[in-house]
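In what follows, a structure is listed as structure tokens, so that the remarks can point back to it.
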Amino acid sequence: MKNAFLLGALIIGMFAACKGGATSEVATDSMIERDHSDIDIVSQYRGTEDVYVDGDQTEYVLIFRSEGCINRMLHEVENDSVAMEDFYVAIDDLWYYYYLCHERLERMGVKFHSTSADKTVFCQGGVAYRPQDSCACGVLMVKPGCRFEFVDLMDFLFGKE
């Protein structure tokens, strides 16, 4: 019960952080100053489902860490206040990167979906992709012919060096 309460508080805190005031974001295309209130990533995270793509055009799937992963991580640090604080900071940063990815996909004008790492992305002909790790997070590109390419959040935002 304590874990559920802490996870709820974490999600509400992240929601409040995303809703508060203007923030600057670093993007690969340009520097953008905007109000984050136009997007609610947290509500997209709740109740995620399997994703179905057609495989005829490139589509993107923004993949979040699963709720089970977050709960396990939270359980590992629940008795250490310093580790708990670090956990909250890391999760807050991660949500910000999800937000940046979402914004970048919108600017690109491409078809994209959002789901968690414990769900499956289905394509034509029974071809499917499911992360091996429920803590995976990144952007899955589904290219024509149902070819999957998973890209880390940071690589998607800033490219590989």
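Things to note:
- The set of residues from the stretch 121-153 being under 19 Å from Ile70 (Cβ atoms) and not in a strand (DSSP E or B) comprises Arg130, Pro131, Gln132, Asp133, Ser134, Cys135, Ala136, Cys137, Leu153.
- Qualifying residue in the stretch 115-123 (condition: out of contact with any Asp or Glu (no Cβ under 8 Å at 6 or more places or on another chain) and open to solvent by 30 Å² or more (accessible area, probe 1.4 Å)): no
- Top-ranked residue in the stretch 86-114 [being part of a helix (DSSP H, G or I) and exposed (fewer than 14 other Cβ atoms within 10 Å of the Cβ); ranked as nearest to the chain's Cα centre (by Cα)]: Asp93
- Residue that is nearest to Leu62 (Cα to Cα) [pool: residues in the stretch 135-161 that are among the small types (Gly, Ala, Ser) and open to solvent by 30 Å² or more (accessible area, probe 1.4 Å)]: Gly159
- The residue that is nearest to Ser116 (Cα to Cα), counting only those in the stretch 71-104 that are touching a helix residue (DSSP H, G or I) at 6+ places or on another chain (Cβ under 8 Å) and of a type in the set (Val, Ile, Thr), is Ile91.
- Neighbours by Cβ (under 7 Å, 6+ apart or cross-chain): first from the stretch 66-85, within 17 Å of Gln132 (Cβ to Cβ) and in a helix (DSSP H, G or I); second open to solvent by less than 50 Å² (accessible area, probe 1.4 Å) and not hydrophobic (A, V, I, L, M, F, W, C): Gly68/Ser134; Cys69/Ser134
The values are calculated or read from the model by the stated rules, or taken from the named source; none is laboratory data. Predicted, not measured: the structure shown is a model, and the values here were computed from it. Note that each Cβ is placed from the backbone with ideal geometry, even for glycine, and that neighbours are counted across all protein chains shown. Accessible surface is based on the protein model in full, side chains and every heavy atom, while ligands, DNA and RNA are left aside. Shrake-Rupley method; radii C 1.70, N 1.55, O 1.52, S 1.80 Å.
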